[in-house]
Amino acid sequence: MLESIRGQILSIGEERMTIDVNGFGLEVNTPLKNLSCKTGDEISLHTHLSITQNGIELYGFKERKGRDLFKTIIKVPNVGPKTAFCIISGLGIEGIKKALENNDPEPISRVKGIGSKTAKRIILELKDRLKLTTQKAPQEARKALMHLGFLAEEADRSIEKVLKGSAILTPEEIVERVLKGS
C-alpha cells in the first residue's frame, strides 16, 4: 500500500523519525543504529504500513531486504509488527541471518519481550520460509540473466560466484550483483 517514502528529516527520536513528505510530517519507526543521518538530511525508506486495533504505525527500512524480512517475520504466528521491529532493530539483518544459519534462538530470545519458545518458533518458521525464497531465487535470477543474453553456463557461474559472498539474496539482488560484476 505504502511502498516507500522520500523526504527531509524533521526530527529524530528513539528508533523513530519524522519525515517531511511534501508538507506532510510522517512519523516512521526505523532502526536508527544502521542509519547515519541527522535532522535536515534527505532520506528514502522502504516502508510497511501496519493497521491494528491499537492504531496505525509506519515502519521504514533503508534497504528493501530489511522491509522484506520484516514482512516475513510478522507472518510468524503471534509475532506482531512491534515485535518484528524489535528483532530487526536489536539484531540487524545480519544478526538474524546468523541466528538462522546457526539454528540458534538465543540471540532472538534476548530481544525485549521475546521468550525462548517464541524465539524457537521464529527460527523454525523463518528458516522454512527463507529456505523457499533462497531456493527459488537462483532459478529466477538464472531466467532473468538468460533473457538478458547470458548463456546458461555463464549465468550459473555468475550466480554461484555472487551467492558465495551472501547468504540470502532476492532474484533482483542476484541479477544486480551479477551485472555489476560483484
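What follows draws every value from the coordinates through simple rules; no lab data is involved. Here the structure is a predicted model, which is why all the values come from computation and not from measurement. Heads up, the Cβs are rebuilt from the backbone with ideal geometry, glycines too, and the neighbour counts pull from every protein chain shown.
Quick notes
- The length gained on full extension between Lys143 and Lys75, counted as 0.36 nm times the residue separation minus their Cα-Cα distance, comes to 21.6 nm.
- Inter-label distance for Glu15 and Asp104, nm, one decimal - labels placed 7 Å from Cα along Cα-to-Cβ: 2.2
- DSSP bridge orientation in the range 1-62 - percent antiparallel, rounded to nearest 5: 95
- Taking every DSSP beta bridge that has both ends in the chain, the antiparallel portion is near 95%.
- Farthest toward positive dipole pole in the chain [+1 Lys/Arg, -1 Asp/Glu at C-beta], among Leu179, Pro31, Val21: Pro31
- Placing unit charges on each Cβ (+1 for Lys and Arg, -1 for Asp and Glu) gives the chain a dipole about its Cα centre, and among Gly113, Met1, Gly92 the Cα reaching farthest toward its positive end belongs to Gly113.
- Virtual spin-label span in nm between Ser36 and Lys136, 7 Å along Cα→Cβ: 3.6
- Helices in the chain, meaning DSSP H runs of at least 4 residues, each add -39500 (n - 2.57). Divided by all residues, the mean residue ellipticity at 222 nm is -16500 deg cm²/dmol.
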